[in-house]
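The values are calculated or read from the model by the stated rules, or taken from the named source; none is laboratory data. All values reported here derive from a predicted model rather than from experimental measurement. All Cβ positions, glycine included, derive from the backbone under ideal geometry; neighbour counts span all protein chains shown. Note: accessible area is taken over every heavy atom of the protein model, side chains too, but ligands, DNA and RNA are not part of it. Shrake-Rupley method; radii C 1.70, N 1.55, O 1.52, S 1.80 Å.
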Amino acid sequence: MIALVSAKGSPGVTVSGLAFALTWSGRTLLVEADPAGGDVLSGYLQGSLDAQRGLAQLAVAELRGRLRDEFERQLVDLAAPRRQRLLLPGLRDPAQAATVAPVWPAIADFLRQLAEDGSVIVDCGRLTAPHFGWPLLHAADQVLLVVRGTLSSVSHAVPAVGVLRKEQAERGGPDRLGLLVVDTGPYPAAEVAARLQVDLAAVLPADQRSARVLSSGGQLHLRSPLLRSAAATQQIMASNREVVDGTRAG
Ligand SMILES: Nc1ncnc2c1ncn2[C@@H]1O[C@H](COP(=O)(O)OP(=O)(O)OP(=O)(O)O)[C@@H](O)[C@H]1O
Ligand SMILES: [Mg+2]
């Protein structure tokens, strides 16, 4: 279970999460948990599906004690009909975030269980959003702060790293924080990681063409730089985690 989060601006959380969900092997589930609202139904899917399912409906189901029963029918199949790449669409209205906030812990627990059988990628949106889903971050195996290699992105990331580290320290457990750099320059990813003193978990290349399709719809090319890198990221992150776990065990 991977949680993606940003500090400020729009560094590419949604596009990166969608790129992972569309390319990783095994069963993938992208959860649009940005309290500011979901983007994939009206963006990548171009409004082609009814918007009557998703996080808000799931929250209502949980309030009725029916989260488990209602979960599957809230999902969208991103690569129909196999149901191997799934989307839990996000909120249509940020005002709904107040309804979802009390059930974040139940949703986080449930997603944690689903992560036993596949990848769960959670778009948490901006750390500063009202009703931010902290329980989702707490449940994740890895928390990726998404940044660009720009002065403004990096300077907003500094306090975000502080908040994330403090939160992690208070809860104890291993360091789960990593950086995902969307490499549109000018500063190279390694320099961004050195400045923020956070491990570089992954780098995705600047690829306007694919990013535009993931944001607004159109024909995707699996051999494009962004999708190829996104696919490779799964293995890179898994190997890095093994090294970290091995070091800890040793
Ligand atoms: N790898 C990339 N290369 C080029 N452009 C990108 C890349 N990733 C994202 N973008 C572009 O950056 C913009 C913001 O992307 P996205 O919507 O994913 O950001 P976000 O962090 O989810 O923002 P928000 O917090 O507003 O939801 C979009 O125009 C998107 O097409
Ligand atoms: Mg987004």
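Across segment 189-212, what is the total count of residues that are under 23 Å from G26 (Cβ atoms) and either open to solvent by 20 Å² or more (accessible area, probe 1.4 Å) or out of contact with any Leu (no Cβ under 7 Å at 6 or more places or on another chain) (or both)?
Number of matching residues: 1.
Being of a type in the set (G, A, S) and surrounded by fewer than 20 Cβ atoms within 10 Å (Cβ to Cβ) is the filter here; which residues of segment 62-100 pass it?
G65, A79, A80, A95, A98, listed by residue number.
Which ones in segment 43-61 are farther than 20 Å from S16 by Cβ and open to solvent by 10 Å² or more (accessible area, probe 1.4 Å)?
Across segment 43-61, the qualifying residues are G47, S48, L49, D50, A51, Q52, R53, A56, Q57, V60.
Of the residues that sit in segment 34-54 and are among the hydroxyl-bearing types (S, T, Y) and within 16 Å of ligand 1 (Cβ to nearest atom), which one is farthest from R85 (Cα to Cα)?
Among residues in segment 34-54 that are among the hydroxyl-bearing types (S, T, Y) and within 16 Å of ligand 1 (Cβ to nearest atom), the one farthest from R85 (Cα to Cα) is S42.
Could you tell me whether any residue of segment 172-185 is without any contact (Cβ under 8 Å) to a residue 12 or more places away in the chain and either within 16 Å of V146 (Cα to Cα) or in contact with a Ser or Thr (Cβ under 6 Å, 6 or more places away or on another chain) (or both)?
No, segment 172-185 contains no residue that is without any contact (Cβ under 8 Å) to a residue 12 or more places away in the chain and either within 16 Å of V146 (Cα to Cα) or in contact with a Ser or Thr (Cβ under 6 Å, 6 or more places away or on another chain) (or both).
For segment 139-182, which residues satisfy the criterion of being closer than 19 Å to A3 by Cα, open to solvent by 20 Å² or more (accessible area, probe 1.4 Å) and outside any helix (DSSP H, G or I)?
Those that are closer than 19 Å to A3 by Cα, open to solvent by 20 Å² or more (accessible area, probe 1.4 Å) and outside any helix (DSSP H, G or I): D141, Q142, R148, G172, G173, P174, D175, R176.
Can you say whether A3 is within 20 Å of L127 (Cα to Cα), under 13 Å from the mean Cα position of the chain (by Cα), away from ligand 1 (no atom under 12 Å from the Cβ) and crowded, with 23+ Cβ neighbours inside 10 Å, as far as the supplied structure shows?
yes
How about segment 34-109: which helices (runs of 4 or more DSSP H) wholly inside it have at least 2 residues that are hydrophobic (A, V, I, L, M, F, W, C) and without any contact (Cβ under 8 Å) to a residue 40 or more places away in the chain?
Once the helices (runs of 4 or more DSSP H) in segment 34-109 are filtered for at least 2 residues that are hydrophobic (A, V, I, L, M, F, W, C) and without any contact (Cβ under 8 Å) to a residue 40 or more places away in the chain, what remains is 55-63.
Kindly indicate whether L86 is aliphatic (A, V, I, L, M) and either over 17 Å from V122 (Cβ atoms) or away from ligand 1 (no atom under 16 Å from the Cβ) (or both).
For L86, the condition - aliphatic (A, V, I, L, M) and either over 17 Å from V122 (Cβ atoms) or away from ligand 1 (no atom under 16 Å from the Cβ) (or both) - is met.
Go through the residues of segment 49-58 one by one and say whether even a single one is away from ligand 2 (no atom under 16 Å from the Cβ), under 24 Å from Q208 (Cα atoms) and of a type in the set (S, T, N, Q).
no
Take segment 27-42 and flag every residue that is open to solvent by 50 Å² or more (accessible area, probe 1.4 Å) and either within 16 Å of ligand 2 (Cβ to nearest atom) or among the hydroxyl-bearing types (S, T, Y) (or both).
Those that are open to solvent by 50 Å² or more (accessible area, probe 1.4 Å) and either within 16 Å of ligand 2 (Cβ to nearest atom) or among the hydroxyl-bearing types (S, T, Y) (or both): A36, D39, S42.
Exactly one condition in (1) assigned to a loop (DSSP other than H, G, I, E, B); (2) within 16 Å of ligand 2 (Cβ to nearest atom) is false for H221; which is it?
Condition not satisfied by H221: (2).
Check whether at least one residue in segment 213-225 is in contact (Cβ under 8 Å) with a residue 12 or more places away in the chain and over 26 Å from Q46 (Cβ atoms), and report yes or no.
no
Please count how many residues of segment 12-33 are more than 10 Å from ligand 1 (Cβ to nearest atom), in a helix (DSSP H, G or I) and of a type outside the set (G, A, S).
Within segment 12-33, residues that are more than 10 Å from ligand 1 (Cβ to nearest atom), in a helix (DSSP H, G or I) and of a type outside the set (G, A, S) number 3.
Checking the structure you have, find out if any residue of segment 194-209 is within 13 Å of ligand 1 (Cβ to nearest atom), more than 30 Å from Q84 (Cβ to Cβ) and small (G, A, S).
no
Of D69, D77, D93, which residue is within 16 Å of ligand 2 (Cβ to nearest atom), farther than 12 Å from V122 by Cα and charged (D, E, K, R)?
D93
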